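Chemist: Have a look at this one.
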Amino acid sequence: MSKDKRGYGFLIKWLVILGDLVVLNIIFFAVYKWTGMDKADDFNAKLRFIILLLNFGYLFSVYAVPVNIYKPVMFTDRVAQRALSLIAMHLIIFITGLFFLKPAIDALPRFMIYYYLLLFVVFTVWRVIARESLKLYRKTGRNYRRVIIVGAGKTGMNLYSELKKEVTYGYNIHGFFDDNLLLKNTLPNYLGMTREVEDYAVQNDIDEIYCALLNSEDEKILRIFNFAEKNMIRFYIVPEFSRYLKKRLYLDSIGTVPVMAVRSEPLQFLYNQVIKRTFDIVFSLFFLIVFFPWIYIILGILIKLSSPGPVIFKQTRTGIYGKDFDCYKFRSMKINEDANEKQAEKDDPRVTKFGHFLRRSNLDEIPQFFNVLKGDMSVIGPRPHMLKHTEQYSALIDKYMVRHLVKPGISGWAQVNGYRGETRTTKQMEDRVKYDVWYLENWTFLLDLKILFVTVLNMFKGEKNAY
C-alpha cells in the first residue's frame, strides 16, 4: 500500500540538522575572528581540514545523539539535555581530530573554551526555538499522525486522554474500535467493531494503531498486528497493567524474551557515573583546597566558643545500597546522648546559638565534602538518614529503600523543594521519598547543577525548615 505521508513532515528532521550545521559554522567563524585565530598562520594553513572535521564531527555526533525534537512529546529540559549531550560528543570528536592535525597554536585552548561555551548556549536556544516553532506549526493542523485506538476500556480511555492533552503533540485521533456494541450509543467517536479495523485503516490512510485490548484477546491482537505490518502502519500495544501502574516502563530483552523494567536509572550507565563522579572529585577538591581551610578555622573557633566538644561531629548514616558510613558535620549541638537517635526539632534545646546559624545556612554540612572525596557521598543526591530512621521508615514506606540505589548527597532534589529538616509525620517522609525517587529516575548533569545553584541561593536566603 502506498501511503502519502504529507502529515508527518519528515523534512523537519533534516531542516533541524541543516540548522544545526549553520549554527555550528557561524559560531565557529565568529569565535575564529573574535579570538584572533584568523591571524594564526598554522591554523589557517589547516583551516579547510578543520572545517571538514567540524562538520563531519557533527554528523557522527548526531548519529550517536539523534534529532528527536519532532517527536510528539518532548519537554524543554529534555531538549537542552540532548543539546548538551550532542555538544559533548562533538567536543570529544573534534579534539581527537585536532590531535592528529596538530595545529601548534598557543591560543587554541582559549579558542576551544570560548567556542564550546558559546556553542552550547546558542545551540540550545536554537533547538528550543525549533521545538516551539514545530508546536506552533502543529497548531495549524499539520505534522500530525492519524490514529485509531482499538479497545475502549479503561486502558484505551486513559490513552485517549493523554493523546488529547495537547494539540501540539500532533495526534489526530479518529476514534475507537471495540466489540462492545453498547458503546455505539454512548461513545461519540465509536467507529465500529474490531473486525472493521482493517478496512477503515486503509480507507482513511491511518498512520498508527494503538491496541488496548485485553491480553485474553490475543487472536484479535495478532490479526491486527499482522495487518499493520503488511500495510506499513505503526502498531503499538498498550499493556493492560497500565491501568494500575501509572509510570513509564522500559523494555529490554533476555535473548528473545521481552522484559520490562519498572524504572529508568540513568546512573546505571557507566558514562553517567563517570560524569557525576568526575564532577564530585573536581568540585570537592576545589572547595576543600580553596575554601575549607579558612572556613574551618573561623567556624571551628566559634563552635568551640559556643559549647565544649569537638569541631567535627561524626554520625553513622545509611549510604548507597544500604551500606553504613561515617558522615561528617560541623557540630551544631551540645554533646548529648540522643544525637544518634533523635532529629533536631524546632527550638531544640540541644542546638547551640551558633548552631542555629550553621543549620539555617547549611554550613554545618561543609565537612561532607570529605565524604564526597572518599566516595561515600555525592555533591547532589538524596540526604543520608540516621540508621534508626532507615530502620523505622523502611518498614512504613514501600519505596523508602529505593532512594539508596544512588549515593546520598550534601543537598538533594527533596531539599530544594522544601523537604528539609525535621519530618514530624510519615506523610512528610513519604513526600520526601517521592522527590528522592524522582531524582533517581530523572537524573541529568544539568539537574545536578540546578540543585547546586538553588542550594547556594538558599544558603544566603536561609530556610525556615532548617533548625
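Chemist: Kyte-Doolittle mean at least -0.5 and Cα extent at least 30 Å along the axis: which DSSP H helices of the chain qualify?
Modeler: Membrane-span-like by this criterion, though nothing is claimed about a membrane: 11-34, 76-101, 108-139.
Chemist: For TYR171, list long-range residues whose amide hydrogen, built 1.01 Å from N in the peptide plane, is under 5 Å from its own amide hydrogen.
Modeler: ARG145
Chemist: Can you compute the modelled spin-label distance between ARG234 and PHE291, with each label point 7 Å from Cα toward Cβ, in nm?
Modeler: Each label point lies 7 Å from its Cα, and together they span 4.6 nm.
Chemist: Quick check: residue separation of SER85 and LYS184 times 0.36 nm, minus the Cα distance between them. What number comes out in nm?
Modeler: Here the answer is 30.7 nm.
Chemist: Please list the non-local residues whose amide H lies under 5 Å from the amide H of SER264, H modeled 1.01 Å from N, same-chain partners needing a gap of 5 or more.
Modeler: Under 5 Å from the amide H of SER264 lies no amide H from a residue far enough along the sequence or on another chain.
Chemist: Tell me, in nm to one decimal, what length is gained between LEU101 and ARG350 on full extension, where the rule is 0.36 nm per residue of separation less the Cα-Cα distance?
Modeler: Here the segment from LEU101 to ARG350 would lengthen by 83.1 nm.
Chemist: List the relative contact order of the chain as a percent without decimals, with contacts defined as Cα pairs under 8 Å and 6+ residues apart. Can you show the working numbers first?
Modeler: Details: 587 pairs, mean separation 48.9, N = 467.
In percent, rounded to a whole number, it is 10.
Chemist: Treat each spin label as a single point 7 Å out from the Cα along the C-beta direction, and report the LYS135 to MET260 distance in nm.
Modeler: Using points 7 Å along Cα→Cβ, the separation is 2.8 nm.
Chemist: Across 5 Å bins from the origin, how do the percents of Cα pairs in region 145-246 run, short distances first?
Modeler: 3, 13, 26, 26, 22, 10, 2, 0
Chemist: Considering amide H positions built from the backbone, and no H for Pro or chain starts, which residues 5 or more places from GLY381, or on another chain, come under 5 Å of its amide H?
Modeler: Result for GLY381 returns GLY409, ILE410, SER411, GLY412, TRP413.
Chemist: How would you classify the chain from its alpha-carbon gyration tensor, with a ≥ b ≥ c the square roots of the eigenvalues: rounded for a/c under 1.5, else prolate if a/b is greater than b/c, otherwise oblate?
Modeler: In terms of gyration-tensor shape, oblate.
Chemist: What are the semi-axes of the equivalent ellipsoid for region 270-461, taken as the square roots of 5 times the Cα gyration tensor eigenvalues, largest first, in whole Å?
Modeler: 25, 21, 15
Chemist: Could you tell me which of rounded, prolate or oblate describes region 184-242, using a ≥ b ≥ c as the square roots of the eigenvalues of the alpha-carbon gyration tensor, with rounded for a/c under 1.5 and, failing that, prolate when a/b is larger than b/c and oblate otherwise?
Modeler: Taking the square roots of the gyration eigenvalues as a ≥ b ≥ c, region 184-242 is oblate.
Chemist: In the chain, what % of DSSP beta bridges are antiparallel (nearest 5)?
Modeler: 45 percent
Chemist: Going through the cross-link list LYS139/LYS220; LYS154/LYS184; LYS353/LYS461; LYS164/LYS427, which pairs have a Cα-Cα distance over 25 Å in this structure?
Modeler: LYS139/LYS220; LYS164/LYS427
Chemist: Could you state, as a whole-number percent, how many of the C-alpha pairs of region 11-139 are farther apart than 20 Å? Don't skip to the answer; put the middle values down first.
Modeler: Details: 3646 of 8256 pairs.
Counting pairs separated by more than 20 Å, the tail of P(r) holds 44 percent.
Chemist: Specify which residue in the list ASN458, SER378, TRP438 is farthest towards the positive end of the charge dipole of region 364-467, using unit charges on the beta carbon of Lys, Arg (+1) and Asp, Glu (-1), about the Cα centre.
Modeler: The listed residue farthest towards the positive side: ASN458.
Chemist: Residue separation times 0.36 nm, minus the C-alpha to C-alpha distance between ASP205 and ASN226: what's the value?
Modeler: 5.9 nm is the gain from fully extending ASP205 to ASN226.
Each reported figure results from applying straightforward, stated rules to the coordinates on display, with no laboratory input. Just so it is clear, the structure is predicted and the values come from calculations on it, not from any experiment. All Cβ positions, glycine included, derive from the backbone under ideal geometry; neighbour counts span all protein chains shown.
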